[in-house]
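Below is one structure; the comments refer to it alone.
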Amino acid sequence: MHGGQHATMNRAQRRMAKPRPGPVRHPAAPTLQAEFAAALREHQAGFLKEAGRRYRRILAVNPHHADSLHLLGVIAQEDGELDRAVQLIERAIAINAVEAPYHANLGTARWKQGRLADAIACYCRALELRPDYAKAHFNLATVLWKQGKLPEAAACFRDSLRRKPDYAEAYDNLGSVLKEQDRPDEAIACYRTALSLRPHYPEAHNNLGTLLLAQGQPEDAIDCYRKALALRPDYHEAHCNLGIALWEQGRPDAAVACYRDALAIWPDYVDAYLNMGTALKELGRLDEAAACCREVLARDPDQPEAHSNLGIILLAQGDLAAGWREHEWRWKTPQMQRAHRDFAQPQWRGETAAGQTLLIHAEQGFGDTLQFCRYAPLAAARVSRVILEAQKPLVRLLRGLPGVDLVVVRGEERPAFDVHCPMLSLPLALGTTLATIPGGTPYLKADATLSGAWRTRLAATAAQGWRVGLVWAGNRRIESKGLAAVDRRRSMSPDCLAPLFELPGLHFVSLQKSGPEAPARFPLTDFMAEMEDFADTGALIANLDLVISVDTAVAHLAAALGKPVWLLDRFDACWRWFTGRRDSPWYPGLRIYRQPRPGDWSGVVDEVVADLAGHFAP
């Protein structure tokens, strides 16, 4: 989902207090004074054109009427004529420099022009003239917030609240600043205070909902978003945020409807297109998901998440040449920016580099490394030396990979190198298409000594029959909402596997390292507490006849070792398994059992039971 993530989907609105006409400080002739009073009433009632005509009539008689210049400038500012607004208010200040509202409204015009330092100077001058000016404290806080100066902004919002304790907007914006400071409890308290002061405050309901959703309270968040929309049906951000909450509840159809509501209000709402694309992909509607990405790119050609998401969809559809290119945008997405390696050495693009050392470095999960390490031997044919940097639990296993001169632990000291390549950029560098996937297996080998030891251990167990390894859950990946949501969809309760244990002639071996434990009633041999790394797990797998696994690293490990793998796959399959296929060009010995409907593991298990009964009949 966007925001990521999934999408940055929940942007707090940074509201500035609307400029208000200042008090009449310069009584003119009786006629002008009556005219100004009438103009002021019209201005306060929102009749800006009528008020503007009166201010101009006053200025035609008295060009030095400072209040009229100031308020005519305020009207120009509200109409978006910022240069004219600045000119008029500065003329008013030249006549009377001691009016705090003049300086405050000049600050607002400067802020809207993007001249933040000048705006701050104006607000500070207004506060020198009137230290209890709550609106100026508020607007100063808003500009500081926009500059990313969160502690200073929070202090100024609190200054405004000391002068005006019932300032609901200040509580709302202070809550958003505290949210950015990762102080959620204080932020929630601010939003609730804002709503106690102004119950019919749609922005505060929306902001509270966003924070409650981030705190893992989707039902409460949904209630907040619905209250915001009841108050303001055209609130496109609340429609989008409601969609996010529904998506997190596993309701992608309902989420799509909310995103469409948001787009009906604002057809150029990029976040809604991004999030709708994610939900449509989960529903298996890849063409529509790709169209959402392209809608974003038509409006923002350099939007990294749209490019990256489009790349994933193209890869799933088998258009690898275009998919790999788009997939390179992943490094500019918020999810991957922190993982980007900023090496001084250039990235290798597949060119022949005689005499040079190539560093291939892992970038994502264990399964990705196990799948894409196959490219190291191909790269080795174009360079003189290959160093492979991988996650520590994989290093011992990967030391036997052909073409690799050295395997090092990611994060530890490495030797010198000349060029580098992230592991998932190797298919692009080497021009991989659907027809040229290097699918030969095995390309990894289990340690012979370790495998022999496990052969002896397994032979000594009382259980006999064909040996079948089982994995029912992946890594929870709680560090990322999007990845955690994927894991919930790819993992199953071990109870779902109960029908397998009714089959005769099979010896089931657990390959589940962590996650939910299998029920004690299951006849399941479990050595996983003894597994220190993937080399150990690989040696155990080498002694099995079949591995049945959800889409996690063990499936890649077993397939890379050349073992038959039956993959229990979620409805919205990962791109690497493509669409509409039961086989995999990545692993000739892998068979895919995909959910017929989202969340339907029983149908998958029933099909596996039928095939097991026929394949391993005693």
Worksheet, complete the sentence: Under the helix-only model (-39500 (n - 2.57) for each DSSP H run of 4 or more, divided by the residues of the chain), the mean residue ellipticity at 222 nm, to 500 deg cm²/dmol, is -16000 deg cm²/dmol
Worksheet item: Can you list the HN-Hα couplings for region 100-117, worked out from phi with the Karplus curve (6.51, -1.76, 1.60; θ = phi - 60°), rounded to whole Hz and with x for Gly and Pro?
Response: 4, x, 4, 5, 5, 6, 5, x, 5, 4, 5, 4, 5, 6, x, 9, 5, 4
Discussion item. Give me the one-decimal nm value for the distance between modelled label points at Asp182 and Glu502, 7 Å along each residue's Cα-to-Cβ direction.
Written reply: 5.0
Worksheet entry | Peptides ranked, highest mean first, by Cβ atoms within 10 Å: ranges 596-602, 208-214, 92-98, 366-372 | 208-214, 366-372, 92-98, 596-602
Response to the item:
Packing-ranked peptide list from 608-614, 310-316, highest mean Cβ count within 10 angstrom first, is 310-316, 608-614
Worksheet item: With a sphere of radius 14 Å drawn around the Cβ of Ala416, what net charge do the other residues whose Cβ falls strictly inside it have (Lys, Arg +1; Asp, Glu -1)?
Response: -2
Discussion item. At a threshold of 8 angstrom on Cα-Cα distance, excluding pairs fewer than six apart, so keeping six or more, what relative contact order does region 228-342 reach in percent?
Written reply: 15
Worksheet item: In this model, which of Lys179/Lys392; Lys513/Lys563; Lys445/Lys513 are farther than 26 Å apart at the alpha-carbon?
Response: Lys179/Lys392
Worksheet, complete the sentence: In nanometres, the difference between 0.36 nm per residue of separation and the alpha-carbon distance of Arg299 and Ala94 is 69.4 nm
Fill in: Amide proton proximity set for Leu590, modelled H, under 5 Å, gap of 5+
Val565, Ser584
Worksheet, complete the sentence: Per the 1/(1 + (r/R0)^6) rule, R0 = 35 Å and r from the Cβ atoms of Leu378 and Lys332, FRET efficiency to 0.05 is 0.85
Discussion item. Place a point 7 Å from the Cα of Ala214 along the Cα-to-Cβ direction; which residues of region 232-246 have their backbone N under 13 Å from it?
Written reply: none
Item to complete: Project the alpha carbons of region 448-615 onto their principal axes and report the range along each, largest first, in whole Å.
Response: 41, 35, 34
Discussion item. Given axes a ≥ b ≥ c from the Cα gyration tensor, I'd like to know whether region 232-379 is rounded (a/c under 1.5), prolate (a/b larger than b/c) or oblate.
Written reply: prolate
Discussion item. Can you give me the long-range amide H partners of Leu359? Hydrogens built in the peptide plane at 1.01 Å from N, cutoff under 5 Å, separation of 5 or more residues or another chain.
Written reply: Ile387, Asp418, Val419, His420, Cys421
Worksheet entry | Potential extension, Thr579-Ala291 segment - 0.36 nm per residue separation minus Cα distance | 102.0 nm
Item to complete: Would you kindly derive the ³J(HN,Hα) couplings of region 32-44 from the backbone phi angles with the Karplus curve 6.51 cos²θ - 1.76 cosθ + 1.60 (θ = phi - 60°), listing them in order in whole Hz, with x for Gly and Pro?
Response: 5, 5, 5, 5, 5, 4, 5, 4, 5, 5, 5, 4, 5
Discussion item. Bins of 20 Å, beginning at zero and ending with the bin holding the largest distance: percent of Cα pairs per bin for the chain, please.
Written reply: 17, 38, 27, 13, 4, 0
Practice prompt. Run the numbers on region 448-615 and let me know its relative contact order in percent, using alpha-carbon pairs under 8 Å that are six or more apart.
Written response: 23
Worksheet item: Among the aspartates and glutamates, which have Cα under 13 Å from the Cα of Lys164 when same-chain residues fewer than 8 positions away are ignored?
Response: Asp132
Discussion item. Checking the cross-link filter: which lysines have an alpha carbon closer than 28 Å to that of Lys49, excluding same-chain neighbours under 8 positions apart?
Written reply: Lys18, Lys112, Lys135
Worksheet entry | 12 Å beta-carbon shell around Gly323, net charge (K/R +1, D/E -1) | 0
Item to complete: Straight distance only, please: which aspartates and glutamates reach the Cα of Lys149 with their own Cα at less than 13 Å, same-chain residues fewer than 8 apart left out?
Response: Glu180
Practice prompt. Starting from the Cα of Thr433, move 7 Å in the Cα-to-Cβ direction to define the label point; list residues of region 373-400 whose amide nitrogen is under 15 Å from there.
Written response: none
Worksheet entry | Length-normalised contact order of region 531-618 in % [C-alpha pairs under 8 Å, at least 6 apart] | 21
Item to complete: Starting from the Cα gyration tensor of region 353-436, take the square roots of the eigenvalues, sort them a ≥ b ≥ c, and report rounded, prolate or oblate (rounded when a/c is under 1.5, otherwise prolate if a/b is larger than b/c, else oblate).
Response: oblate
Worksheet item: So who's got an amide H within less than 5 Å of the one on Val408, skipping anything under 5 residues away but keeping other chains? H placed 1.01 Å off N, in plane.
Response: Leu388, Glu389, Ala390
Discussion item. Residue by residue through region 486-497, what is 3J(HN,Hα) from phi via Karplus (6.51 cos²θ - 1.76 cosθ + 1.60, θ = phi - 60°)? Round to whole Hz and write x for glycine and proline.
Written reply: 4, 5, 4, 7, 7, 9, 10, 6, x, 4, 4, 7
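Rule-based calculations on the coordinates, nothing more; no lab input. Since the model is a prediction, treat every value here as computed from it, not as a measurement. Heads up, the Cβs are rebuilt from the backbone with ideal geometry, glycines too, and the neighbour counts pull from every protein chain shown.
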